[in-house]
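Worksheet: one structure, shown below.
We did not get these values from a lab; they are worked out from the coordinates using the rules stated. As the structure is a computational prediction, the values presented were derived from the model and not from experiment. Glycine also receives a Cβ, built like all others from the backbone with ideal geometry; neighbour counts cover every protein chain displayed.
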Amino acid sequence: MNAPIAVTAAEYLDTTRRRMTDDGCEVGWDQVGPVQALVGYRKKFVVPAMSRVHVVTAVAHFTPTELDVDRYTRDVSAFAKQRSNSLRGVQSGVGAFAVIVADSVTPEVAVAARVKPRLEFAVIVQPVVVDLAAREIHTFRGRRFIGAALNGFLRRTLNAQIQVPA
């Protein structure tokens with residue numbers, strides 16, 4: 001029996017671009033910190049949460065260290081706040097995904113990706129590491145302190161846009 005052919009980073013990014021577009025995002029390439037990233041952006045009023053949410057998904061291909069996961073998450077946070085260009089508060093917020101596509105990852109990087117999402121004033125940023133070699137996604141899957149309605153919306157958004165490599 002032949003082993004399945006691994007997906008390349010370019011193929012994964014192309015599929016992710018289509019998934020973000022299908023999810024209603026404006027999609028393009030942009031500078032996020034020191035790297036070029038495929039960025040998806042959309043805003044949606046989430047009725048159960050009674051809030052407008054600006055969602056930014058920034059996907060970059062590089063080989064990370066555990067420190068890079070934290071740095072990229074901070075860069076995506078700054079980018080998402082600037083990109084949403086809106087007032088944040090009780091009825092408006094930003095949800096962002098800092099997605100790193102790596103050819104392979106170390107156990108330390110996988111652990112760094114599973115940290116609880118960074119929560120700032122009306123901004124939540126979740127690191128995600130896609131391991132192409134192991135065909136896995138490493139990210140936080142637990143419960144967050146913020147409301148269930150917003151958590152559900154962000155979880156569904158992540159699942160719609162970021163898939164396990166084939």
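Miscellaneous remarks
- Estimated translational diffusion coefficient (Stokes-Einstein, Kirkwood radius over Cα pairs, 37 °C, 0.692 mPa s) of region 27-123: 235 µm² per second.
- Among beta bridges that DSSP assigns inside the chain, antiparallel share in %, nearest 5: 55
- Packing here is the average count of other Cβ atoms within 10 Å per residue, and on that basis the peptides 126-133, 63-70, highest first, run 126-133, 63-70.
- For the chain, adding -39500 (n - 2.57) for each run of n ≥ 4 DSSP H residues and dividing by the number of residues yields -10500 deg cm²/dmol at 222 nm.
- log₁₀ of I(q)/I(0) at q = 0.20 Å⁻¹ - the chain, Debye sum with one point per alpha carbon: -1.36
- Straight-distance crosslink candidates among aspartates and glutamates, where the alpha carbon sits under 19 Å from K81 and sequence neighbours closer than 8 are dropped: E26, D30, D70, E120
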